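K.L.:
Submitted below is the structure of interest, expressed as C-alpha cells.
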C-alpha cells in the first residue's frame with residue numbers, strides 16, 4: 001500500500017467535497033486574470049505579433065485595463081467561481097471514492113497498478129465534473145469574450161437566460177466534445193504525476209516530510225505538494241492545449257457580432273472544421289495561441305488546487321485524532 005493511502009482511505013465524502021470546493025474557489029480568485037488573458041489570446045484570429053490587438057502578456061494586460069478597466073481582468077468571475085466550486089466538489093470526491101473502491105476490491109492489484117489507476121480515476125472524475133459544470137464554463141467564456149465598453153450581457157444571470165432564449169439550451173454545451181476530449185487525459189495526467197511525486201519521490205526526502213505522521217503514514221509537506229502540483233499542471237496543460245483553444249472558439253459561435261471590434265471572427269461548424277480553419281488560415285502554431293498565460297495559470301492553479309486540497313484533508317485528519 002502507498003505511503004499516504006491509509007490516510008486517504010479515511011477521507012469522507014463531505015471532507016473531499018469541502019476540500020475540493022475550498023481549493024477550487026480560492027485558486028479561481030487568484031488565477032482569474034490569467035484565464036481572461038488566455039481566452040482573449042485564444043479568440044484572436046490575427047497573428048500574435050507586434051501591431052496586433054494582443055501580442056504579449058504585459059501588453060494585453062495594459063490594453064485591457066486601459067480600454068475596459070481593471071475589473072475586466074475578473075470578467076465572468078461569478079460563473080467561474082460556480083464552475084470551480086462545482087468542478088472541485090465532484091472531481092475530488094469522485095476521485096477519492098473511486099480510489100477507495102479500487103483499494104477495497106483488490107488491494108494487490110491497486111498497489112501494483114497504482115499510477116495507472118490514478119490516471120484512469122482522475123480521468124473519470126474530471127469527465128463527470130466537466131459534464132455537470134460545463135454551462136458555467138460557456139457563460140464565463142461569453143462574459144470574457146465581450147467588450148466591456150459595448151456589453152452584450154448585464155451579468156451572469158442575464159447571459160445565462162439570453163443564451164437559452166435566443167440560442168436554445170444546447171448553446172450552454174457548445175464545445176463540450178473537445179472539452180471532454182482534453183479534460184480526461186488532462187486530469188488523468190495531473191493526478192498520476194501529482195501522486196507520483198508526492199507518494200513516491202518527494203516524501204522519500206526528509207526535507208519534504210511532515211514533522212509528524214498520521215496513522216503511521218509519511219506525508220509530504222505543503223511545499224512538496226506545491227512543487228508536485230506545478231509539475232503536474234505544466235505537463236498536463238502542454239499535452240492537451242490545442243483542445244482547449246478549439247473549445248473556446250466553439251463556445252463563442254453565435255456571439256461573433258459582439259466581438260467585431262476585436263478583429264476577424266471565425267465561423268465554424270464543429271471541432272474538426274474549427275481545427276482545419278485554424279491550421280489553414282492561421283498556421284499550425286496557432287493551435288497554441290494563449291499558451292503562455294495558460295501554462296502560467298495551469299502551474300499556479302494546479303499547485304494551489306492540489307496543495308490546498310491535501311492541506312484541508314490533513315487538517316480534517318488532525319481534528320479526528
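K.L.:
Compute the label zone of residue 109 within region 121-149: residues whose backbone N is under 14 Å from the point 7 Å along Cα-to-Cβ.
P.N.:
121
K.L.:
By how many nm would the segment from residue 239 to residue 12 grow when fully extended, if each residue of separation counts as 0.36 nm and the alpha-carbon distance is taken off?
P.N.:
Numbers: separation 227, 0.36 × 227 = 81.72 nm, distance 3.21 nm.
Using 0.36 nm per residue and subtracting the Cα-Cα distance, I get 78.5 nm.
K.L.:
Hey, what D do you get for region 186-270 in µm²/s if you plug the Kirkwood alpha-carbon radius into Stokes-Einstein at 10 °C and 1.306 mPa s?
P.N.:
It diffuses with D of about 100 µm²/s by this estimate.
K.L.:
Which angle between 0 and 90 degrees, to the nearest 10, do you get for helix 114-145 versus the longest principal axis of the chain when only C-alpha atoms count?
P.N.:
Its long axis makes an angle of about 30 degrees.
K.L.:
Can you tell me the relative contact order of region 247-308? Whole percent, Cα pairs under 8 Å, sequence separation 6 or more.
P.N.:
Over region 247-308, the number comes to 21 percent.
K.L.:
Next up: Tell me the relative contact order for the chain as a rounded percent, counting alpha carbon contacts under 8 Å between residues six or more apart. Before the final figure, lay out each step's value.
P.N.:
Values: 484 pairs, mean separation 86.2, N = 321.
Relative contact order for the chain comes out at 27 percent.
K.L.:
Output needed for region 1-135: three equivalent-ellipsoid semi-axes, defined as square roots of 5 times the C-alpha gyration tensor eigenvalues, in descending order, whole Å. Working shown, then result.
P.N.:
Values: eigenvalues 309, 55, 28 Å².
Equivalent ellipsoid of region 1-135: 39, 17, 12 Å, largest first.
K.L.:
Helix-only estimate, please: 222 nm mean residue ellipticity of the chain, summing -39500 (n - 2.57) across DSSP H runs of length 4 or more and dividing by its residues, to the nearest 500.
P.N.:
Computed mean residue ellipticity for the chain: -24000 deg cm²/dmol.
K.L.:
Rank the residues 140, 40 as a footprinting-exposure proxy: fewest other Cβ atoms within 10 Å of their Cβ go first. Walk me through the intermediate numbers first.
P.N.:
Details: 140 27, 40 24.
Lowest to highest Cβ neighbour count: 40, 140.
K.L.:
May I pose another question? Suppose the chain between residue 318 and residue 205 were pulled fully straight at 0.36 nm per residue; how much longer would it get relative to their current alpha carbon spacing?
P.N.:
Extending this stretch completely gives an extra 38.4 nm.
K.L.:
What three numbers, in Å, describe the spread of the alpha carbons of region 111-250 along their principal axes, ordered from the longest?
P.N.:
In descending order, the Cα extents are 58, 31, 27 Å.
K.L.:
Can you sort 222, 318 so the residue with the fewest Cβ neighbours within 10 Å comes first?
P.N.:
318, 222
K.L.:
Can you give me the angle between helix 271-282 and the longest principal axis of the chain, using Cα atoms only, in degrees from 0 to 90, rounded to the nearest 10?
P.N.:
Computed tilt is about 60 degrees.
K.L.:
Also: Expressed as a whole percent, how much of the Cα-Cα distance distribution for region 169-321 exceeds 29 Å?
P.N.:
Of all Cα-Cα pairs in region 169-321, 35 percent lie more than 29 Å apart.
K.L.:
When every alpha-carbon pair in region 143-216 is counted, what percent end up more than 20 Å apart?
P.N.:
Across region 143-216, Cα pairs with separations above 20 Å total 62 percent.
K.L.:
Moving on. Give the calculated FRET efficiency between residue 58 and residue 279 to the nearest 0.05, with a Förster radius of 41 Å applied to their Cβ-Cβ distance.
P.N.:
0.90
K.L.:
Mind ordering 19-27, 52-60 by average Cβ neighbours within 10 Å, highest first?
P.N.:
My ranking of the peptides, most packed first, is 19-27, 52-60.
K.L.:
Would you mind estimating how fast region 23-71 diffuses translationally, via Stokes-Einstein at 10 °C and 1.306 mPa s with the Kirkwood radius over Cα pairs, in µm²/s?
P.N.:
136 µm²/s
K.L.:
Quick one: if you take sqrt(5λ) for each eigenvalue of the C-alpha gyration tensor of the chain, what semi-axes come out, biggest first, whole angstrom? Mind showing how you got there, number by number?
P.N.:
Working: eigenvalues 277, 73, 69 Å².
Ellipsoid half-lengths, sorted descending, are 37, 19, 19 Å.
K.L.:
If one takes the longest principal axis of the Cα atoms in the chain, at what angle in degrees, from 0 to 90 and to the nearest 10, does the Cα axis of helix 156-167 lie?
P.N.:
60 degrees
K.L.:
Set the Förster radius R0 to 22 Å, insert the Cβ-Cβ distance between residue 256 and residue 151 as r into 1/(1 + (r/R0)^6), and round the FRET efficiency to 0.05.
P.N.:
With R0 = 22 Å, the Cβ-Cβ based efficiency is 0.90.
Each reported figure results from applying straightforward, stated rules to the coordinates on display, with no laboratory input. Keep in mind that this is a model prediction, so the values were computed, not measured. Cβ coordinates were reconstructed from backbone atoms using ideal geometry, including for glycine residues, and neighbour counts include every protein chain displayed.
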